[in-house]
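Beneath this line is the structure, given in structure tokens, with notes to follow.
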Amino acid sequence: GDGKQPGNKDYVSAHYVAKFAQNGKVFDSSKPTEYGLEETRRPAFAGKPIQIPLGRGAVIAGMDEGVATMCVGGKRRLYIPANLAYGENGYMDIPPGANLVFDVELVSIDNPMSGQLGSAGSLADGFKVAFGLIVANGLVEFVTGHELREYIYSAIH
């Protein structure tokens, strides 16, 4: 891409397709219905790029490292060895020792107060909990600033 390269703590938005290196089977994507997978995100985020807070361990190390050196508008195929993915333990449907391939398109560098993080971006540094990227069994879900405020409100009242 010919756009800017993100800093090591920037928030970026990216589309991706995740496959097993061994057989090319797609197991996750930011556009799951294009690959015969079920859309598990809320309708507001369906088919949209995911937002990644770089350098914070929110995604597997290979994805974090590979995306951090991209430029906006760029596309890259990341070959991620198991030790930079889910290691010898695996994770959910990903078997132990699995090498992965991620096709990634860096869409934008985001202000943490914008997009899918909402105002949660400013609270993430303080709380280290809820900028809200949850990756489990192919599910990528974002907690909005409103949901975070509701949670905090209910927790303190």
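The values are calculated or read from the model by the stated rules, or taken from the named source; none is laboratory data. Computed from a predicted structure; not experimentally measured. We place every Cβ from the backbone using ideal geometry, glycine too, and count neighbours over all the protein chains shown. Note: areas computed on protein heavy atoms with side chains; ligands, DNA, RNA excluded. Shrake-Rupley method; radii C 1.70, N 1.55, O 1.52, S 1.80 Å.
Which of (1) among the aliphatic types (A, V, I, L, M); (2) touching a strand residue (DSSP E or B) at 6+ places or on another chain (Cβ under 6 Å); (3) exposed (fewer than 13 other Cβ atoms within 10 Å of the Cβ) is the odd one out, the single condition MET92 does not satisfy?
Evaluating MET92 over (1) among the aliphatic types (A, V, I, L, M); (2) touching a strand residue (DSSP E or B) at 6+ places or on another chain (Cβ under 6 Å); (3) exposed (fewer than 13 other Cβ atoms within 10 Å of the Cβ) leaves (2) as the failure.
Yes or no, residue by residue, for (1) in contact with a helix residue (DSSP H, G or I) (Cβ under 7 Å, 6 or more places away or on another chain); (2) of a type in the set (Asp, Glu):
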residue	(1), (2)
ASN8	yes, no
HIS15	no, no
PHE20	no, no
ASP28	no, yes
ARG41	no, no
ALA46	no, no
ILE52	yes, no
GLY73	no, no
ILE80	yes, no
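Can you pull out every residue in the range 21-41 that is over 13 Å from the mean Cα position of the chain (by Cα), under 21 Å from SER108 (Cβ atoms) and open to solvent by less than 40 Å² (accessible area, probe 1.4 Å)? Write out each step before concluding.
Within the range 21-41, the first condition is being over 13 Å from the mean Cα position of the chain (by Cα), and the residues that meet it are 21-27, 32-40.
Going one step further and asking which of them are under 21 Å from SER108 (Cβ atoms), we end up with 32, 34.
The one that is over 13 Å from the mean Cα position of the chain (by Cα), under 21 Å from SER108 (Cβ atoms) and open to solvent by less than 40 Å² (accessible area, probe 1.4 Å): PRO32.
List pairs: first residue in the range 45-67 and at positive phi, second residue modelled with pLDDT under 90 and open to solvent by 10 Å² or more (accessible area, probe 1.4 Å) anywhere in the structure, Cβ distance under 7 angstrom, at least six positions apart or on different chains.
Within 7 Å, the pairs are GLY55/ASN8; GLY55/LYS9.
So, in the range 1-11, how many residues would count as being open to solvent by less than 60 Å² (accessible area, probe 1.4 Å) and either over 16 Å from VAL104 (Cα atoms) or among the acidic types (Asp, Glu) (or both)?
Here the count works out to 2.
Might you let me know whether the range 97-104 holds any residue that is over 15 Å from PHE27 (Cα atoms) and at pLDDT 95 or above? Let's see the steps before the verdict.
Step one: list which residues in the range 97-104 are over 15 Å from PHE27 (Cα atoms), which gives 97.
Okay, now just the ones that are also at pLDDT 95 or above, so 97.
Yes, some residue in the range 97-104 is over 15 Å from PHE27 (Cα atoms) and at pLDDT 95 or above.
Only one of ALA18, ALA44, ALA58, ALA14 is in a loop (DSSP other than H, G, I, E, B), aliphatic (A, V, I, L, M) and surrounded by 18 or more Cβ atoms within 10 Å (Cβ to Cβ). Can you tell me which?
Numbers: ALA18 fails: in a loop (DSSP other than H, G, I, E, B); ALA44 fails: surrounded by 18 or more Cβ atoms within 10 Å (Cβ to Cβ); ALA14 fails: in a loop (DSSP other than H, G, I, E, B).
Of ALA18, ALA44, ALA58, ALA14, the one residue that is in a loop (DSSP other than H, G, I, E, B), aliphatic (A, V, I, L, M) and surrounded by 18 or more Cβ atoms within 10 Å (Cβ to Cβ) is ALA58.
Mind counting the residues in the range 85-108 that are assigned to a strand (DSSP E or B), among the hydroxyl-bearing types (Ser, Thr, Tyr) and under 19 Å from ILE52 (Cα atoms)? Step through it out loud before you land on a result.
Pass one, the range 85-108, residues assigned to a strand (DSSP E or B): 91, 94, 100-108.
From what's left, among the hydroxyl-bearing types (Ser, Thr, Tyr): 91, 108.
Next cut, under 19 Å from ILE52 (Cα atoms) only: 108.
Residues meeting the conditions: 1.
With (1) surrounded by 14 or more Cβ atoms within 10 Å (Cβ to Cβ); (2) at pLDDT below 50; (3) of a type in the set (Lys, Arg) as the list, and LYS128 as the residue in question, which single condition is left unmet?
Of (1) surrounded by 14 or more Cβ atoms within 10 Å (Cβ to Cβ); (2) at pLDDT below 50; (3) of a type in the set (Lys, Arg), only one is false for LYS128: (1).
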